[in-house]
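Report on the structure given below.
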Amino acid sequence: MAVTTAVDPITLAVVHNALTTAAREMRDTIQRTSFAPVIYEDRDFACGLLDAEGATLAEAPGLTAFMGTLSPCWRRCLQTIDRNDLAPGDVIIVALPDYTGSHPADMALFSPIFHGDRIFGFAASKAHLIDVGAKDPYPVDSTDAFQEGLRLPPVKLYRRGVLNEEIGGIIRVNSRAPEVIWGDIHAQIASFRVGDRACQRLLDKYGFQTVTACIAEMYDHAERLARAAIRRMPAGTWSAEDHLDDNGVERGKPVPVKVSITIDPEAAEITFDYTGSAQQQVGPTNTPVIGTISISRMMGKILTSPESPANEGSFRPIKVIAPEGSVFDASSTAPTNLYGWPEMNAVEAIIHALGGVFPDKLPAGSGGDLCGVLRYGFYPDTGKIWYEANIEGVGQGASAWADGESAMVHISEACSRNLPVEIEETKDPVIVERYELIPDSGGAGRFRGGLGVRRDYRLQSAARVISVLERCTSPHWGVAGGKHGAPNYGVLESSIHGTVQIMKLPDTAMAEGDLISIRTGGGGGYGDPFEREPAAVMRDVLDGYVTEHAARTDYGVVIHEATQAVDDAATSAVRRETYA
């Protein structure tokens, strides 16, 4: 954006805050007007503003892994859309994974923002729609893109404010929940009107040239912050390997994930290189390259300037290498429904690789997953679908100075929330019988890993279940002698299937009265567990975080049975014996 108009710092601050506020107002609009709990409760969406070239202008805190996809997606759309054909009131919709960086259910929408006869920028949003006509509402065993739902190239859903009824009809007829997804699409569109009005007020007050000059300085300032941080970092390349449990089709066959991170202080750049990861999979654990770019930008922002809002300048020093045909740059027809799971494993690998380099920024491994288990069925009186999918909390890794947080959503969806029990029980034929922290699930250490949770759903009618549990076999690693956290898993207690432990599970019938139990994993510990203060272990025992047995075996702390206090003499003896 070549603009030479000088701007004073007060005007710059006002413009910056106004744009950020506009993006947040867009987010609030979506959340307050959407139909599906996965959007208004789980916040499975992102939105923001792009500039006239499609660069990231302002983001609202949303689903973290989505946020970095909006700009690359729209820039890809601009390769096929004639800018001269854009007009006020246009809304473009796209649901192709190689454009959106996601699966078809994550539809992206864009609308141009004009000031007079000039394009100032674009309002943008991407949200998960609960059903877009895939072979089942959330395939975990799809083998090509055409089993995963409606595929839409960039097309105008609205032209100059007038609905294209043909496109709207195609979208609705390809869903098991047409009223719900149509409402959620229009919640996104409503947010565009909010963003447009906010931009008009700003442009009317300060003028097109001044605002665009401020934007150019915003980008340059963000870039300066990021590059200055990189110049203070050590030079080198660090790598880590991890794996997915499997690809959903070849059950039990691990999918390797490798990330190398090169920090170049002289060039002031960070490169994320995914070479060495698995080739594109027959199952849906494939990520389009735009999704890979997004998580790389997210981790680069965390490492460089996490305290400031992100914009295009924040991402200029961040480079990405993803070999074509790998799980991090899948083909346009690859199955991608579980695109987010390689991303989460990559995030964990990046943290693992750099934890020793940045102990002040990066903790031990987390539960590493969303622990999603989808429940759905059809009301017999209306034939309409009921559908819920949780984003569950896991234990976070301990750091060099503190215990890990318990029951927190994974960093890749850090602005999302899990589903409240009250919403589930009000809307669906389900009773939540148990929702609690799991004792001993956090890895032992001088600082303890956070705990996972158990949530039990009792079905009040026949239903179906789809499980996307991951990191059931890969370790939730500890650091500097800290122990691993407990793994993720689920249990079905079913009159049809018996009592079985599950990880990934394709669409499966369940009977009335059956139980679905989700057990999320804990975070890794940090440091030698025997260096943890006995009083801290005692507090954990009293709080129910650690059992008396684990206090003795993992921490060497003996609890006096009669007084329920630390037995100092026995504790010292156990710790001496262990170190002997």
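The values are calculated or read from the model by the stated rules, or taken from the named source; none is laboratory data. For clarity, every value in this text was computed on a predicted model and none was experimentally measured. No Cβ is skipped: glycine too gets one built from the backbone with ideal geometry, and neighbour counts run over all protein chains shown. Areas reflect the complete protein model, heavy atoms only, side chains present, ligands, DNA and RNA absent. Shrake-Rupley method; radii C 1.70, N 1.55, O 1.52, S 1.80 Å.
General observations
- Residue match in the stretch 165-172 (condition: β-branched (Val, Ile, Thr) and open to solvent by less than 10 Å² (accessible area, probe 1.4 Å)): yes
- Of the residues making up the stretch 279-305, those that are assigned to a loop (DSSP other than H, G, I, E, B) and either acidic (Asp, Glu) or open to solvent by less than 10 Å² (accessible area, probe 1.4 Å) (or both) are 283, 284, 285, 286, 287, 288, 305.
- Hits in the stretch 85-111 (condition: surrounded by fewer than 22 Cβ atoms within 10 Å (Cβ to Cβ) and not aliphatic (A, V, I, L, M)): 85, 88, 89, 90, 98
- Which listed residue is farther than 23 Å from residue 393 by Cβ and not β-branched (Val, Ile, Thr), from 50, 63: 50
- Sole residue being part of a helix (DSSP H, G or I) and either over 27 Å from the mean Cα position of the chain (by Cα) or at pLDDT below 95 (or both), chosen from 169, 195, 183: 169
- Unique residue being among the polar types (S, T, N, Q) and touching a strand residue (DSSP E or B) at 6+ places or on another chain (Cβ under 9 Å) when the list is 277, 332, 294: 277
- In the stretch 443-458, the residue that is farthest from residue 400 (Cα to Cα) out of those that are assigned to a strand (DSSP E or B) and open to solvent by 10 Å² or more (accessible area, probe 1.4 Å) is 458.
- Cβ separations smaller than 7 Å between residues 6+ apart or across chains give the following pairs from the stretch 13-42 residues that are closer than 11 Å to residue 187 by Cβ to residues that are aromatic (Phe, Trp, Tyr) and open to solvent by 10 Å² or more (accessible area, probe 1.4 Å): 31/40; 34/40.
- Qualifying residue in the stretch 212-227 (condition: open to solvent by less than 20 Å² (accessible area, probe 1.4 Å), in a helix (DSSP H, G or I), over 15 Å from residue 18 (Cα atoms) and among the polar types (S, T, N, Q)): no
- Look at (1) among the charged types (D, E, K, R); (2) touching a His at 6+ places or on another chain (Cβ under 8 Å); (3) surrounded by fewer than 24 Cβ atoms within 10 Å (Cβ to Cβ) and you find that residue 44 fails only one, number (3).
- In the set 547, 578, only one residue is touching a Pro at 6+ places or on another chain (Cβ under 7 Å), among the polar types (S, T, N, Q) and open to solvent by 20 Å² or more (accessible area, probe 1.4 Å); that residue is 547.
- Residue, modelled with the lowest pLDDT, within the stretch 459-477, restricted to residues that are open to solvent by 10 Å² or more (accessible area, probe 1.4 Å), closer than 17 Å to residue 346 by Cα and of a type outside the set (A, V, I, L, M, F, W, C): 475
- Some residue of the stretch 356-378 being over 14 Å from the mean Cα position of the chain (by Cα), within 30 Å of residue 179 (Cα to Cα) and of a type in the set (Ser, Thr, Tyr): yes
- Qualifying residue in the stretch 146-153 (condition: modelled with pLDDT of 95 or more, part of a helix (DSSP H, G or I), within 26 Å of the chain's Cα centre (by Cα) and over 29 Å from residue 15 (Cβ atoms)): yes
- Within the stretch 380-421, being hydroxyl-bearing (Ser, Thr, Tyr) and open to solvent by 40 Å² or more (accessible area, probe 1.4 Å) holds for one residue alone: 382.
- The residues listed here are 388, 422, 413; of these, the one that is without any contact (Cβ under 8 Å) to a residue 24 or more places away in the chain and acidic (Asp, Glu) is 422.
- Within the stretch 247-270, the set of residues being open to solvent by less than 10 Å² (accessible area, probe 1.4 Å) and either assigned to a strand (DSSP E or B) or at negative phi (or both) comprises 247, 255, 257, 259, 261, 263, 270.
- Set 326, 308, 331: member being among the hydroxyl-bearing types (Ser, Thr, Tyr) and at pLDDT below 95: 308
- Of residues in the stretch 350-377 being touching a Lys or Arg at 6+ places or on another chain (Cβ under 7 Å) and surrounded by fewer than 24 Cβ atoms within 10 Å (Cβ to Cβ), the one nearest to residue 36 (Cα to Cα): 376
- Residue 62 being part of a loop (DSSP other than H, G, I, E, B), over 15 Å from residue 214 (Cα atoms) and out of contact with any His (no Cβ under 7 Å at 6 or more places or on another chain): yes
- Subset of the stretch 326-370 [more than 25 Å from residue 138 (Cβ to Cβ) and assigned to a loop (DSSP other than H, G, I, E, B)]: 355, 356, 357, 358, 359, 360, 361, 362, 363, 364, 365
- Tallying residues that are surrounded by fewer than 24 Cβ atoms within 10 Å (Cβ to Cβ), touching a residue at least 24 places away in the same chain (Cβ under 8 Å) and not β-branched (Val, Ile, Thr) within the stretch 114-133 yields 8.
- Any hit, the stretch 106-120, residues being small (Gly, Ala, Ser), under 24 Å from the mean Cα position of the chain (by Cα) and more than 24 Å from residue 49 (Cβ to Cβ): no
- Of all residues in the stretch 479-522, those satisfying the criterion of being more than 30 Å from residue 396 (Cβ to Cβ), in contact (Cβ under 8 Å) with a residue 24 or more places away in the chain and of a type outside the set (Asp, Glu) are 508, 509, 510, 511, 513.
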